[in-house]
Amino acid sequence: MELKNMNVSDRKAMLLQALENDEFYLLYQPKLQLRTGKVIGAEALLRWEHPVIGTISPLDFIPFAEETGLIRPIGEWVLRSACKQNKMWQEMGLEPLTMAVNLSASQLFQGDIAEKVENILKEMELAPEYLELEITESMTMDVEFVLPMLRKLKQIGVSISLDDFGTGYSSLYHLKEFPIDTIKIDRSFVRNCTIDAKDATIVKTIIAMAHQLKLEVIAEGVESKDHLIFLQQNLCDEGQGYLFSKPVSATGFAENMRAFEQI
Ligand code: C2E
Ligand code: CA
Ligand code: CA
Ligand code: CA
């Protein structure tokens, strides 16, 4: 049984059932400030544990969730769960972190995303500074619609980061026009930045440009000590990747934080 071989209505039924049966869960991956090595945030990453198929990657089901419109309730579940978890960590006495949540295009195009986010923050009693929304370049193409949406979100006080930077197009335009706080350098550039002169140049240039534009910059896919040294030498603000931690459960994350705080 594979999702991609099913028809739309079967996929839709399966996704609906997954929501009802609590088959979705979140894993969390830390974001580190590279200057200090401190964990300053986490990215919530969605997983689906199907009783028969097993674990399904978001890359395999998000497209179908988009296609069936179910990304909206699923995305809202993600937002609510991630905010709730962040609040719980704060109540446990962990150092407050910024929780990053991936938004899909149709969530942004819903029109009432800002109200939804505001309500969830209120419901969870979470201060907006502890929520960050990750959007991708492809979502920002409809400037007329998306720009006011992002401005509303910024007014609430949440931050916005531009994910997978460099893989879409008209990026420079977006950097200039959109109210974003952080650029996330795509993993594909980070992977070979210590062995390929072109990748090295691209990564250095993105970092320098971000800083000139007064934006923060984070590298994803930091897998080796060499990556880390390169990024630190080039003054990248933050990093995220397997070198620090794979995405882990909420409990695992809190344990890692405690162990870390004792060092
Ligand atoms: P993304 O937002 O670019 O997330 C980063 C992906 O890279 C994650 O894959 C993460 O597990 C993986 N990763 C992190 N560090 C490393 C590393 O050092 N090396 C390598 N090779 N990979 C690393 P994941 O969790 O499979 O998610 C894939 C994509 O699915 C995400 O890419 C995002 O676009 C989407 N996604 C995940 N959760 C959600 C969600 O809640 N909502 C939406 N709309 N999309 C989501
Ligand atoms: Ca992301
Ligand atoms: Ca990314
Ligand atoms: Ca990526």
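The ranking of Leu150, Leu59 by Cβ neighbour count inside 10 Å, starting from the fewest, reads Leu59, Leu150.
Bridges between two residues of the chain, per DSSP, are antiparallel at a rate of about 40%.
Placing +1 on the Cβ of every Lys and Arg and -1 on the Cβ of every Asp and Glu, with nothing else charged, gives segment 107-263 a dipole about its Cα centre of roughly 340 debye. Structure remark: mean-square fluctuation, Gaussian network model of the chain, C-alpha springs under 10 Å; the largest value among Lys154, Lys184, Lys198 belongs to Lys198. Simple point charges give the picture: +1 on the Cβ of Lys and Arg, -1 on the Cβ of Asp and Glu, and for the chain a dipole about the Cα centre of about 460 debye. Determine the alpha carbon to alpha carbon distance for each of Lys184/Lys246; Lys12/Lys87; Lys84/Lys214; Lys31/Lys87; Lys87/Lys204 and list only those over 29 Å. Cα-Cα > 29 Å for Lys12/Lys87; Lys84/Lys214; Lys87/Lys204; rest within. For the chain, the longest principal axis of the Cα atoms and the long axis of helix 143-156 meet at an angle of about 80 degrees. Glu49 to Arg258: FRET efficiency via 1/(1 + (r/R0)^6), r the Cβ-Cβ distance, R0 30 Å, to the nearest 0.05? E(calc), rounded to 0.05, equals 0.70. Using C-alpha pairs below 8 Å separated by at least 6 residues, the relative contact order for the chain is 18 percent. Which shape class applies to segment 108-177: rounded if a/c is under 1.5, otherwise prolate when a/b exceeds b/c and oblate if not, where a ≥ b ≥ c are the square roots of the Cα gyration tensor eigenvalues? Here segment 108-177 falls in the prolate category.
Values in this text are rule-based calculations from the coordinates and carry no lab data. As the structure is a prediction and not an experimental result, all values here were calculated from the model. Cβ sites come from the backbone with ideal geometry, for glycine too, and all protein chains shown count toward neighbours.
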